[in-house]
Amino acid sequence: WPKDVGILAMEVYFPAQYVDQTDLEKYNNVEAGKYTVGLGQTHMGFCSVQEDINSLCLTVVQRLMERTQLPWDAVGRLEVGTETIIDKSKAVKTVLMELFQDSGNTDIEGIDTTNACYGGTASLFNAANWMESSYWDGRYALVVCGDIAVYPNGNARPTGGAGAVAMLIGPKAPLALEQGLRGTHMENAYDFYKPNLASEYPMVDGKLSIQCYLRALDRCYTSYRQKIQKQWKQAGIDRPFTLDDLQYMIFHTPFCKMVQKSLARLMFNDFRSSSGDTHALYQGLEAFRELKLEDTYTNKDLDKALLKASLDTFNKKTKASLYLSTHNGNMYTSSLYGCLASLLSHHSAQDLAGSRIGAFSYGSGLAASLFSFRVSQDASPVNFSPPGDTNNLFPGTWYLERVDEMHRRKYARRPI
Ligand code: CAA
């Protein structure tokens with residue numbers, strides 16, 4: 001197989017317009033702090049009517065190709081993960097093919113993948129699998145994920161957002177996917193779904209969705225640990241895998257507070273599988289050791305004790321990854337990869353070199369995986385632009401120009 005298949009370059013896009021969550025608290029007449037402190041969100045990005053999922057994805061693909069200066073025929077696979085469906089048949093991928101037109105390159109495998117926020121990760125796995133298979137022809141893959149997350153008026157609305165990420169996938173990557181290490185959990189749940197095809201709003205059972213997310217996290221972490229411990233055993237290492245073995249940990253981020261609780265949950269998993277007072281951090285958790293697992297998802301005292309015990313670990317391993325999510329909100333399929341970009345842009349190449357970054361991807365309904373990247377010794381940070389405060393689109397942004405009487409969409413690009 002080609003060595004160290006993973007992410008060579010990334011491009012992130014988020015809308016130029018946003019709502020201040022403090023203003024939204026006032027407007028929705030909820031208690032001050034509910035969105036900003038309770039959910040951990042400061043701003044929420046939203047798209048203008050000139051943008052849709054196709055324009056978001058056009059922007060990130062074009063910018064990534066311009067920045068890397070790769071010829072368009074160097075791409076042999078293009079995958080899109082999205083749950084923002086504007087056409088029940090025609091894939092976003094087909095629209096992106098317009099960018100390849102002048103190059104004459106039409107030999108590009110891959111199509112759209114949908115399951116809530118998990119489609120981007122499924123696309124990443126597909127691209128890596130292709131590269132490690134007999135079908136690989138030596139060219140790069142592009143993985144594109146993007147979504148516009150909007151909710152009806154109500155308690156889910158402050159957890160909206162929008163954005164897209166494009167990733168260039170190839171061998172000898174500075175962010176290599178660790179082979180054989182994916183812990184996956186899938187089940188049938190109605191926590192968040194979109195049965196109403198005429199509406200862009202989901203149906204959400206918010207409390208259930210949080211439990212489903214945390215349960216999936218437990219299961220994925222358990223199977224990830226089993227797999228890595230098996231690899232270690234074959235290499236002669238016989239000890240349990242714990243959070244200490246992850247230098248950084250990123251999560252799908254529906255809202256930031258959820259991520260802080262998720263990191264805490266991983267510590268709880270380590271604690272539950274430890275045999276006693278092995279770690280100073282676990283001291284405040286002993287009272288909860290015998291709780292039935294199903295009761296641990298809703299126990300507020302446990303929540304508090306876990307947040308306290310894991311605070312330093314959260315600050316070290318995860319907090320920096322939440323920059324974009326805090327300021328822009330949920331980007332569904334691209335949320336996890338926005339966290340990755342935030343993490344990379346925060347830390348120096350020296351900090352990151354050689355480290356393992358754990359990644360948890362969750363898509364309601366549900367599909368979830370925990371996997372990891374290994375950063376090469378010469379990793380350099382990914383650049384992306386800070387949010388602007390203008391009401392106009394960014395220069396170089398693709399936008400929806402018009403929809404004709406046959407519902408065909410035409411796109412144009414703002415000059416750079
Ligand atoms: N100051 C500080 N904190 C406050 C506060 C105030 N004035 N008022 C409330 N809070 C706190 C609450 O105590 C609570 O914190 P804890 O959970 O730590 O106790 C937090 O703010 C939220 O308050 P509520 O629980 O009352 O919030 P809610 O029930 O009105 O809505 C929600 C929260 C259910 C998450 C809702 O926003 C929602 O449905 N969101 C969409 C679904 C979602 O994001 N689910 C996450 C998992 S599913 C997933 O990950 C897929 C996906 O992308 C959608």
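The values are calculated or read from the model by the stated rules, or taken from the named source; none is laboratory data. These numbers come from a predicted model, not from an experiment. Note that each Cβ is placed from the backbone with ideal geometry, even for glycine, and that neighbours are counted across all protein chains shown. These area figures cover heavy atoms from the full protein model, side chains too; ligands, DNA and RNA do not enter into them. Shrake-Rupley method; radii C 1.70, N 1.55, O 1.52, S 1.80 Å.
With no solvent and one point on each alpha carbon, what is the Debye value of log10 I(q)/I(0) for the range 280-381 at q = 0.10, 0.12, 0.16 Å⁻¹? So the normalised log intensities are -0.39, -0.56, -0.92.
So what's the net charge close to Ala189: Lys and Arg +1, Asp and Glu -1, counting the other residues with Cβ under 10 Å from its Cβ? So the environment of Ala189 carries a net charge of -2. Note on the range 167-189 and the range 115-163: Cα centroid distance 12 Å, given to the nearest whole angstrom. Per-residue 3J(HN,Hα) values for the range 94-109, derived from phi via the Karplus relation 6.51 cos²θ - 1.76 cosθ + 1.60 with θ = phi - 60°, read 5, 5, 5, 4, 4, 5, 8, 3, 5, 6, x, 7, 10, 8, 9, 6 Hz in sequence order (x marks Gly and Pro). Extent of the range 169-257 along its three principal axes (Cα atoms, max minus min coordinate, largest first): 55, 30, 25 Å. Anisotropy class assigned to the range 87-191 is oblate, per the alpha carbon gyration tensor with a/c at or over the 1.5 cut-off and a/b no larger than b/c.
When the alpha carbon gyration tensor of the range 34-152 is reduced to an equivalent ellipsoid, its three semi-axes come out at 29, 17, 14 angstrom, largest first. Between Ser355, Met203, Ala116, the Cα set farthest toward the positive side of the dipole of the chain (charges on each charged residue's Cβ, about the Cα centre) is that of Ser355.
With both bridge residues required to lie in the chain, what share of the DSSP beta bridges run antiparallel, to the nearest 5%? Display every interim value, and only then the final one.
Working: 45 of 59 bridges.
Of all bridge pairs located within the chain, approximately 75 percent are antiparallel.
The peptide list 197-206, 50-59, 393-402, put in order of mean Cβ contacts within 10 Å with the highest first, becomes 50-59, 393-402, 197-206.
With the cut-off at under 17 Å, measuring from each backbone N in the range 189-206 to a point 7 Å along the Cα-to-Cβ line of His407 picks out 195-201. Using the Karplus relation 6.51 cos²θ - 1.76 cosθ + 1.60 with θ = phi - 60°, the per-residue 3J(HN,Hα) values for the range 145-150 come to 9, x, 7, 10, 9, 10 Hz, with x marking Gly and Pro. For the cross-link pairs Lys26/Lys90; Lys233/Lys317; Lys34/Lys227, the ones whose C-alpha atoms lie over 29 Å apart are Lys26/Lys90; Lys34/Lys227.
Sort 211-221, 85-95 for me by packing, meaning the mean count of neighbouring Cβ atoms within 10 Å per residue, highest on top.
Details: 211-221: 21.3, 85-95: 15.5.
The most tightly packed comes first, giving 211-221, 85-95.
Once C-alpha pairs closer than 8 Å and six or more residues apart are averaged by separation and normalised to the residue number of the chain, the relative contact order reads 24 percent. If the cut-off is a Cα-Cα distance under 18 Å, which lysines reach Lys172, setting aside same-chain residues fewer than 8 apart in sequence? Leaving aside lysines fewer than 8 places away in the same chain, those within reach of Lys172 are Lys3. Annotation: amide H of Glu51 within the under-5 Å range of Leu400, sequence separation 5 or more or interchain, hydrogens built in the peptide plane. For the options Asn330, Asn196, Asn126, a Gaussian network treatment of the chain with springs between C-alpha atoms closer than 10 Å singles out Asn196 as fluctuating the most.
State whether the chain is rounded, prolate or oblate according to the following rule on the C-alpha gyration tensor (a ≥ b ≥ c being the square roots of its eigenvalues): a/c under 1.5 gives rounded; otherwise a/b larger than b/c gives prolate, and the remaining case gives oblate. It comes out oblate by the Cα gyration axes.
Sort 168-180, 287-299, 63-75 by the packing proxy (mean of other Cβ within 10 Å over each peptide's residues), most packed first. Write out the running numbers ahead of the final one.
Values: 168-180: 19.4, 287-299: 11.8, 63-75: 15.7.
Descending mean neighbour count gives 168-180, 63-75, 287-299.
Place a +1 charge on the Cβ of each Lys and Arg in the range 74-121 and a -1 charge on the Cβ of each Asp and Glu, then give the dipole magnitude about the Cα centre in debye, rounded to the nearest 20. Each step should come with its number before you reach the end.
Details: 4 positive and 8 negative charges, 25 e Å.
Approximately 120 debye in magnitude.
Expressed as a whole percentage, what fraction of the accessible surface of the range 50-158 belongs to carbon and sulfur atoms when a 1.4 Å probe is rolled over the protein heavy atoms? Write out the running numbers ahead of the final one.
Details: 2000 of 4380 Å².
On the range 50-158, the fraction of accessible area on carbon and sulfur atoms equals 46 percent.
The share of Cα pairs per 5 Å bin across the range 41-98, counted from zero up to the longest distance, runs 4, 14, 25, 22, 16, 11, 6, 2, 0 percent. What distance in nm separates the simple spin-label points at Asn188 and Leu311, each placed 7 Å from Cα in the Cβ direction? Distance between label points: 4.4 nm. Average accessible surface for the chain: 46 Å² per residue, computed with a 1.4 Å probe over protein heavy atoms with every protein chain in place.
Net charge in the neighbourhood of Glu79 (other residues with Cβ under 14 Å of its Cβ; Lys, Arg +1, Asp, Glu -1) is +1.
The Ser133 and Glu290 beta-carbon pair, evaluated with R₀ = 45 Å, returns a calculated FRET efficiency of approximately 0.45.
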